[in-house]
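Here the structure is laid out as structure tokens; the discussion comes afterwards.
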Amino acid sequence: MDFRKRKHVHAQVEAGALSDILFFLMLFFLIISTLASPNAIKLLLPKADTGKSIPSQVINVSISSDLKYYINQNQVTLETMQQQLMAEASKHDNPSVVLRMDKIIAVDEMVKVIDIVNKAKVPIVIAIDKGK
């Protein structure tokens, strides 16, 4: 009879590589979240040297280079913009409209939108890219 002690093998999980993988995943998601823009409509904004920050309750009105109109990333027509703008403004206590438009848009189109916003009695600011 063989009465020698047998070596018992204990199962172990190596967690060193797991922490490295989790670190890289966290870093990846942090980088991606900073690149994500709330204003997904791509516009080339005009530049200016002066500017102020905008209030937190904003309604984004955008005009793309091909004259498509958007209210908070929802495409609208110029004819229905006032009703939809008033409906969006009623959701907030003290809203402001931020007009974002491509820099190649004619002033006439900007004036049309500003007139609609003024009829809705909502304050408006024009978005720019800060120069320098």
7 Å from Cα along Cα→Cβ at both Met86 and Lys130: what's the point-to-point distance in nm?
3.7 nm
Using the Kirkwood radius over Cα pairs of the stretch 47-130, the Stokes-Einstein translational diffusion coefficient at 4 °C and 1.567 mPa s, in µm²/s and rounded to a whole number, is 100 µm²/s
Tabulate in residue order the Karplus-calculated ³J(HN,Hα) for the stretch 24-29, using 6.51 cos²θ - 1.76 cosθ + 1.60 with θ = phi - 60°, rounded to whole Hz; enter x for Gly and Pro.
5, 5, 5, 4, 4, 5
Using R₀ = 30 Å, calculate the FRET efficiency as 1/(1 + (r/R₀)^6) where r is the Cβ-Cβ separation of Ile32 and Ile114; round to 0.05.
0.25
Each residue of the stretch 59-68 in order: what ³J(HN,Hα) in whole Hz does its phi give by Karplus 6.51 cos²θ - 1.76 cosθ + 1.60, θ = phi - 60°, with x for Gly and Pro?
10, 7, 10, 10, 10, 7, 5, 9, 6, 9
Amide H neighbours of Met101 at under 5 Å, excluding residues fewer than 5 places away on the same chain, with H built from the backbone geometry, are Ile63, Ala127
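None of the figures in this text is laboratory data; all of them are computed from the coordinates on show. Every value quoted in this text rests on a predicted model; they were computed, and no experiment measured them. Positions of Cβ are generated from backbone atoms using ideal geometry, with glycine treated the same way; all protein chains shown enter the neighbour counts.
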